[in-house]
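The values are calculated or read from the model by the stated rules, or taken from the named source; none is laboratory data. The structure displayed is predicted, hence computed values, not measured ones. All Cβ positions, even for glycine, are placed from backbone atoms using ideal geometry, and neighbour counts span all protein chains on display. With ligands, DNA and RNA removed, areas are computed over all heavy atoms of the protein, side chains included. Shrake-Rupley method; radii C 1.70, N 1.55, O 1.52, S 1.80 Å.
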Amino acid sequence: MTDNPIFAVAARAQALRAQGVDVITLAAGEPQAATSAMVVEAAVDAVRDPATHHYGTAQGDPALRALVAAAVTDGTQLPWSADDVQVALGAKHALFLATQALIDAGDEVLVAAPGWPGHAEVVTAAGGVAVPVPTDDQFRISAEALDNRRTPRTRAVIFSSPGNPTGAVHPEPRLRQIADWAQRHRVWVISDDIYQAFDYTGTYRSILRAAPQLRARTIVVGGVSKEHAMTGWRVGWLAAPPEIIASARLHVSRTITHVPTVNQRAALAALGDTGTPVEAARDYRRRRALLVEALNGIAGIDCPLPDGGMFAFPDVTGLLRDRGWAGSTELAAWLLDIAHLAVVPGEAFNAPGRIRVCFAVDDETLITAIGRLQTALGPTAHETTVRQIEEAR
Ligand SMILES: Cc1ncc(COP(=O)(O)O)c(C=O)c1O
């Protein structure tokens, strides 16, 4: 079993820090911000409430499920109730429960390449085979690409929009095309909507809003991790047809019993706070522009402006060629050792000519990180970028 390469970068950065090195990380797949004080207060109140000290229900707190159902109803424009929702230990666990419910040994599941390795990992964990589907020049999957990889064993497709690491947002016509293909070939769709609040183009749509007829074959996955800076709290969910929810509930009941009640209460408070994700999206949008501009100022780097998400995903092949590096793993190792800056090599996502750079960090961190990048790699004057960032605040 191989570990996720993203964690390998984090581990190396941590080891350097332990030696006293001032490492800055743009490698994390999470917001740098702390969880809001309001959510923390709700959790403290929950800790003090003896009701949270005892067992709860396997499916999850009905009040939380009702709020999730309302959010999914809003996103899909289809009616969902608390019964249609299973609470999980984060979106990753929700994806795990979904694949455990759907997949028999040897079933194939299509995943985007480049794409988040967690999608392939949950498929493998369920005894299935993850089949990478090449994305187009905007990192979107298409019905044509899916069909090229379809076999009689194809059971499902998993994709996220906005995506990680690409930021790709699939516009409605593309979602309809994918949905038609899935419908035609009786393939399930697992829609990982964990980044849905971070859409900078205004084009995000749930696939079920684009194609409501797909409901009986669609699993919607979400969570509070990214939108509410709550990765450590481990609360996510799936909304799905009854047979999937029944399977997920049984799995939870037989394994973890239920998601810790205090954490569910924190998620409940988060879902009542619509301001935090909007504010975060506004900040990320600004930081995205600054980071992308700085990256494009470095010779050998070509960085598209991502439509959504929390990451820039530049093409660094020019840089690799100029410096004689074999791949972006070498570049990332060099940056960590020389500039004390952590980024994720593209190899982690099936894209060896790219790196993933997170912009969900505060302004100070971004300014320092860009300065280190430019000092290490680029001719662009650091002061210019610092001034631009300060002016944009
Ligand atoms: C596309 C995608 N889905 C799911 C997750 C996992 O989210 P959670 O922390 O809620 O398990 C991540 C985390 O990086 C992700 O990038």
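Quick notes on this structure:
- Residues (closer than 25 Å to residue 30 by Cα and at pLDDT below 60) located in region 368-387: 385, 386
- Residues being within 30 Å of residue 154 (Cβ to Cβ), open to solvent by 10 Å² or more (accessible area, probe 1.4 Å) and of a type outside the set (A, V, I, L, M, F, W, C) are represented in region 228-241 by at least one member.
Rundown of residues vs (1) within 14 Å of the ligand (Cβ to nearest atom); (2) free of Cβ contacts under 8 Å to residues at least 40 places away in the same chain, yes/no style:
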site: 147; (1), (2): no, yes
site: 167; (1), (2): yes, no
site: 180; (1), (2): no, yes
site: 192; (1), (2): yes, no
site: 208; (1), (2): no, no
site: 217; (1), (2): no, yes
site: 223; (1), (2): yes, no
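- Breaking point among (1) at pLDDT below 95; (2) surrounded by fewer than 24 Cβ atoms within 10 Å (Cβ to Cβ), for residue 365: (1)
- Meets criteria (under 25 Å from residue 165 (Cβ atoms), away from the ligand (no atom under 15 Å from the Cβ) and within 18 Å of the chain's Cα centre (by Cα)) for residue 15: no
- Residue under evaluation residue 249, criteria (1) in contact with a Gly (Cβ under 7 Å, 6 or more places away or on another chain); (2) away from the ligand (no atom under 16 Å from the Cβ); (3) among the charged types (D, E, K, R), criterion not met: (1)
- Filtered residue count, region 130-142, keeping only those that are crowded, with 19+ Cβ neighbours inside 10 Å and either farther than 17 Å from residue 217 by Cβ or of a type in the set (D, E, K, R) (or both): 6
- Of all the residues in region 18-53, those that are outside any helix (DSSP H, G or I), more than 21 Å from the chain's Cα centre (by Cα) and outside the structural domain of residue 283 (by TED's automatic domain parsing) number 1.
- Test: residue in region 186-206 that is at pLDDT 95 or above and assigned to a helix (DSSP H, G or I): no
- Test: residue 306 is in contact (Cβ under 8 Å) with a residue 60 or more places away in the chain, surrounded by 17 or more Cβ atoms within 10 Å (Cβ to Cβ) and closer than 27 Å to residue 228 by Cα: yes
- The listed residues are 359, 313, 349, and the only one of them that is under 20 Å from residue 9 (Cα atoms), at pLDDT below 95 and either aliphatic (A, V, I, L, M) or buried (at least 17 other Cβ atoms within 10 Å of the Cβ) (or both) turns out to be 349.
- Any chance residue 199 is among the charged types (D, E, K, R) and either more than 23 Å from residue 306 (Cβ to Cβ) or open to solvent by 10 Å² or more (accessible area, probe 1.4 Å) (or both): yes
- Cβ pairs under 7 Å, 6+ apart, first in region 56-78 and over 22 Å from residue 254 (Cα atoms) and outside any loop (DSSP other than H, G, I, E, B), second hydroxyl-bearing (Ser, Thr, Tyr) and open to solvent by less than 20 Å² (accessible area, probe 1.4 Å): 75/206; 76/206
- Qualifying residue in region 283-302 (condition: open to solvent by 50 Å² or more (accessible area, probe 1.4 Å), more than 30 Å from residue 59 (Cα to Cα) and not in a helix (DSSP H, G or I)): yes
- When the residues of region 225-244 are filtered to those that are within 12 Å of the ligand (Cβ to nearest atom) and of a type in the set (Val, Ile, Thr), the one that is farthest from residue 60 (Cα to Cα) is 231.
- Residue that is most open to solvent (accessible area, probe 1.4 Å), among those in region 83-129 that are within 16 Å of residue 156 (Cα to Cα), within 11 Å of the ligand (Cβ to nearest atom) and part of a strand (DSSP E or B): 112
- Against the test of being open to solvent by 10 Å² or more (accessible area, probe 1.4 Å), among the β-branched types (Val, Ile, Thr) and closer than 28 Å to residue 363 by Cα, the options 25, 52 yield a single qualifying residue, 25.
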